[in-house]
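Reading through the C-alpha cells given below for one structure.
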Amino acid sequence: MSTYNTSREEIAIVSFVELTPAEASQLDEIETIQTIVSRATDGAGIARDRIGFTVSGSCDMLVGRPFSWIMAMDGAGVSKPIEESHVEMDGAWALYEAWVRLQHGDIDAALIYSFGANAAEDLMQVLALQLDPYYLAPTGINAAEVAALQASAMLAGGATERQFAEVAVRAGLAVSVEAALAEPYTNRPLRASDLPRFSDGAVAMVIARGDYARSVCARPAWIQSMAHIADSHSLGVRDLSKAPSLEKAARLAGVGEKPTDLVEVHAPFGPQEVLAIEALRAAGLHGTAALNPSGGTRAAQSVMVAGLAAIGRAASAIHRGEASRTVGHASSGPALQHNLIAVLEERS
Amino acid sequence: MSEATKPVVKDVTTMAAPVSLKFRARAGKDLSRFLRGMKERRIVGRVCPSCNYVYVPPRGACPTCGCPMGDERVLPETGTITTFCIVNIPFEGQKLKPPYVCASVLLDGADVALFHLVGGCDVNDVRMGMRVRAEWVDEADAELSLETIRYFVPTGEPDRPLAQIREHI
C-alpha cells in the first residue's frame, strides 16, 4: 500500500463551476445554489440520479442565521430524499468528505457545493470568532490583526516586504512592487494590497468514479491524493513564521513525487502565499509549476468558497488540457492553521 | 476545614463572553416579490413549473425538483389551520401577550403551509381544520414584512375535514 493518502478507487473531478461575484450579489442562498448546482450537473451532462452523495461547505456566521445551510439546500433539490452532509468549513473539506465517501465504491458520483453570501458588516470581526473563546477572542483581535502578527513573525524569520509586494502584484492588487511598497500600512506590516477583497461567491463540483467519470468528462482531473492536517488552535504555541501542517499535508499527498505544472494556493492574506509556497517547496514541489495563474482567490475572496475554488481551478486547468498535473490548496482557521492539499492528474 | 486546607482558588464555572455582530440580510429575488406583495397587502406565491406545487412564501427553488420557480400566483387571504401550538411562555421580543397561538395556515390554493399567529378568538377554541383569514394592518402601516398580516382570525365557516389537509400537515 502506498505511504501517501492516495485514492483507493479511481475518482476524478469531472465538473466545476464558479458563480461570478456580480451574479452572486443578486441572489439569495437558495437561488445561488439552484444556479450553480444545475450548471455543475445538468449543464455538464451529469444525471442527478447518478449522484449518490451531496455535501456542502458554508458558515452560518456569514449571514447571521442559524442553520442557514439547511434552508439553502432546497436549491439542490433535496426532497427525494437524498443522502446529504455538511461541513461548517470551506467547501474543500466537503470535497474531502465526498472523496472519502466515493471510496466505498457503491455510488458513481458526488456533488459538492459551497457558498458565501457575506451579510456581516465587519467580516474581519466575524472571522475572529473562530479563535479560542477564553484567551484570544476576548482581546478583540480581528482576522487582519492575526494575519499581521503572522507577517511580522515571517519578517523576523527572514522574509521581506518585497516578497509580500510581489504576491500583491501577482494577485492584481497592486500595479507594481514599488507601488505596493509605497502604500501606507493598514495593520503593520500589512498594507491594503496584502488584504483580501471579500466578495459573495459560490462554487459547485461533481466528482465521479472510474468509467462513469470517463463517460461524462473528456479529460477528468483524477484525484491522485488528498490530505489535510491542522496545527494547534492556539496562536501562542505556534511558530507563525512557518506552516508545518501545510508542509506535512503536501508530503502526505505526495506533491513532490512528480513534476507539477500548476499550483493554485488559497492564501487569504498575501504573505500567507509566500509561506504556503515555501512549505510546498519544502515538501518537494518541483517542475514548471505556474503559481496561481487564475490570479488566486484574494482579489475576489468569498469566505468558505475560496479553498474549493482554488482546487476547482486546478482541476479546470486539466479539463482544458492546459496542465497534466496540478496541486490545489485550501486553508482554514486563523493564520493558515489548517491546510488541505489535493494532487490532480490527467490520465490517458 | 482548617485555614491550611482551604482551596486558594475557587473553580471558575462560568465566564461571560458577550458577542455582538451586525448583519445586512439579502432577501433575494423570490422573497423580494413576496415582501413587495406584503407592502401592497397581497399574498404572492409561486408555482413550481415541474410539480405544480404552489409555494408561499415563494422560495428560490423547488426543494423537490431543484428547479427555479415558475409563474407568480396571488393567493386568497383565507385558509385552513393544519396544525398549531399554544404559547404560554413569555420571552423577549414577543408581539402578543401569552397565551396565544402559533399555527401553520394552508392558504386556499397553496400546497405548503404559511407559519403565522392566530388571534381574535380564545386559544382553546383553535382546532386543526379551522377556517381562518388574514387580519391585515392598516394600509398606511403596511411594510415589507410578514407582519403586515397582524394574525389570522377565524372566519366562522365549517371546519375542513382532516382528510383533505392531511398531506400538508
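The values are calculated or read from the model by the stated rules, or taken from the named source; none is laboratory data. None of the values given here were measured: they were computed from a predicted structure. As a convention, Cβ positions derive from the backbone with ideal geometry for all residues, glycine included, and neighbour counts pool all protein chains shown. Surface areas here come from the heavy atoms of the whole protein model, side chains and all, with no ligands, DNA or RNA. Shrake-Rupley method; radii C 1.70, N 1.55, O 1.52, S 1.80 Å.
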Can you tell me which residue within the range A:1-39, out of those that are buried (at least 24 other Cβ atoms within 10 Å of the Cβ) and small (Gly, Ala, Ser), is nearest to the other protein chains (Cβ to nearest Cβ)? A:Ala24
For A:Val274, indicate whether it is in the same structural domain as A:His104 (by TED's automatic domain parsing), open to solvent by less than 30 Å² (accessible area, probe 1.4 Å) and more than 21 Å from A:Ser324 (Cβ to Cβ). no
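Quick grid of which residues meet (1) open to solvent by 50 Å² or more (accessible area, probe 1.4 Å); (2) of a type in the set (Ser, Thr, Tyr); (3) modelled with pLDDT under 95:
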| residue | (1), (2), (3) |
| --- | --- |
| B:Pro57 | no, no, yes |
| B:Gly60 | no, no, yes |
| B:Val74 | yes, no, no |
| B:Pro99 | yes, no, yes |
Of the residues in the range B:154-169, those that are surrounded by 15 or more Cβ atoms within 10 Å (Cβ to Cβ) and β-branched (Val, Ile, Thr) come to B:Ile165
Which numbered condition A:Val274 fails, given (1) farther than 30 Å from A:Ala137 by Cβ; (2) assigned to a helix (DSSP H, G or I): (1)
Flagged in the range B:137-153 as open to solvent by 40 Å² or more (accessible area, probe 1.4 Å) and assigned to a strand (DSSP E or B), in numbering order, are B:Arg150, B:Tyr151
Could you list all residues from the range B:40-74 that are basic (Lys, Arg) and facing chain A (nearest Cβ under 10 Å)? B:Arg59
Assess whether A:Val303 counts as being among the aliphatic types (A, V, I, L, M), surrounded by fewer than 24 Cβ atoms within 10 Å (Cβ to Cβ) and over 25 Å from A:Thr6 (Cβ atoms). no
Scan the range A:51-68 residue by residue and report those that are modelled with pLDDT of 95 or more and either open to solvent by 10 Å² or more (accessible area, probe 1.4 Å) or over 19 Å from A:Gln130 (Cα atoms) (or both). A:Ile51, A:Gly52, A:Phe53, A:Thr54, A:Val55, A:Ser56
Here are some conditions: (1) modelled with pLDDT under 95; (2) surrounded by fewer than 18 Cβ atoms within 10 Å (Cβ to Cβ). A:Ala120 meets all but one. Which one does it not meet? (2)
Within the range A:208-225, can one find any residue that is over 30 Å from A:Asp49 (Cβ atoms), at pLDDT 95 or above, surrounded by fewer than 18 Cβ atoms within 10 Å (Cβ to Cβ) and out of contact with any Lys or Arg (no Cβ under 9 Å at 6 or more places or on another chain)? no
Among the listed residues A:Ala276, A:Ala289, A:Ala314, A:Ala310, which satisfies the condition of being at pLDDT 95 or above and over 18 Å from A:Ala168 (Cα atoms)? A:Ala314
Residue list for the range A:74-96, restricted to those being within 14 Å of chain B (Cβ to nearest Cβ), open to solvent by less than 30 Å² (accessible area, probe 1.4 Å) and over 16 Å from A:Gly201 (Cα atoms): A:Asp74, A:Ala76, A:Gly77, A:Val78
Given (1) open to solvent by 50 Å² or more (accessible area, probe 1.4 Å); (2) within 12 Å of chain B (Cβ to nearest Cβ); (3) under 25 Å from A:His228 (Cβ atoms), where does A:Arg48 come up short, assuming only one miss? (3)
If we scan the range B:105-117, do we find a residue that is more than 24 Å from B:Val47 (Cα to Cα), open to solvent by less than 20 Å² (accessible area, probe 1.4 Å), modelled with pLDDT of 95 or more and within 16 Å of the chain's Cα centre (by Cα)? no
Of (1) at pLDDT 85 or above; (2) under 23 Å from the mean Cα position of the chain (by Cα); (3) within 14 Å of another protein chain (Cβ to nearest Cβ), B:Arg26 satisfies every one except (1)
Assuming A:Ala128 fulfils every condition listed in (1) surrounded by 19 or more Cβ atoms within 10 Å (Cβ to Cβ); (2) more than 11 Å from chain B (Cβ to nearest Cβ) apart from one, which condition is it? (2)
Just for helices (runs of 4 or more DSSP H) wholly inside the range A:15-116: which have at least 3 residues that are under 27 Å from A:His319 (Cα atoms) and touching a residue at least 40 places away in the same chain (Cβ under 8 Å)? A:29-40, A:91-102
Residue in the range A:184-207 that is farthest from A:Ala94 (Cα to Cα), counting only those that are open to solvent by 20 Å² or more (accessible area, probe 1.4 Å) and within 18 Å of the chain's Cα centre (by Cα): A:Leu195
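The rows are residues; the columns are (1) assigned by TED's automatic domain parsing to the domain that holds A:Leu240; (2) within 20 Å of A:Leu240 (Cα to Cα); (3) in a helix (DSSP H, G or I).
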site: A:Gln150; (1), (2), (3): no, yes, yes
site: A:Met154; (1), (2), (3): no, yes, yes
site: A:Ala159; (1), (2), (3): no, yes, no
site: A:Ala165; (1), (2), (3): no, yes, yes
site: A:Gly172; (1), (2), (3): no, no, no
site: A:Ala179; (1), (2), (3): no, no, yes
